[in-house]
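Shown next, in structure tokens, is the structure this report addresses.
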Amino acid sequence: MSRSAAQGTPVIFELLNKEQAMARTPYSKDAFEKRFGRLYREPKPGANGGFLATDLQAEVESWPFRAVRKEREQES
């Protein structure tokens, strides 16, 4: 835990609605839903929620680099 979090400093995050989240990606509505739809957070079923910007970033950062993917394909 960081020192500022331990001292009670609020953690700043961005909760984006679907349109805001989609605007940060190059994907169409259907492609966005397919890739990121499961990241939607809601406090309870049917309540307003959103996408955390950090969740979107973490999802994209988990994708393999093209070069790594090609290396794995060549090894197979």
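The values are calculated or read from the model by the stated rules, or taken from the named source; none is laboratory data. From a predicted model like this one, the values you see are computed outputs, not experimental measurements. FYI the Cβ positions are ideal-geometry reconstructions off the backbone, even for glycines, and counts take in every protein chain you see. Ligands, DNA and RNA are excluded from the accessible area calculation, which covers all protein heavy atoms including side chains. Shrake-Rupley method; radii C 1.70, N 1.55, O 1.52, S 1.80 Å.
The table below lists the values:
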| quantity | calculated |
| --- | --- |
| Among (1) free of Cβ contacts under 8 Å to residues at least 24 places away in the same chain; (2) assigned to a helix (DSSP H, G or I); (3) of a type outside the set (Val, Ile, Thr) - the single one LEU56 does not satisfy | (1) |
| Residue that is most open to solvent (accessible area, probe 1.4 Å) [pool: residues in the stretch 15-33 that are among the hydroxyl-bearing types (Ser, Thr, Tyr) and either touching a Gly at 6+ places or on another chain (Cβ under 7 Å) or within 21 Å of GLU61 (Cβ to Cβ) (or both)] | TYR27 |
| Matching entry among ALA67, ALA21, ALA31, ALA47 (being in a loop (DSSP other than H, G, I, E, B) and of a type in the set (Gly, Ala, Ser)) | ALA47 |
| Residue check for GLU59: open to solvent by 70 Å² or more (accessible area, probe 1.4 Å) and out of contact with any Asp or Glu (no Cβ under 9 Å at 6 or more places or on another chain) | no |
| Leading residue by the ranking (farthest from ALA21 (Cα to Cα)) among those in the stretch 34-55 that are open to solvent by less than 50 Å² (accessible area, probe 1.4 Å) and out of contact with any strand residue (DSSP E or B) (no Cβ under 8 Å at 6 or more places or on another chain) | ALA47 |
| Hey, GLN7 open to solvent by 100 Å² or more (accessible area, probe 1.4 Å) and over 14 Å from the mean Cα position of the chain (by Cα) or not | yes |
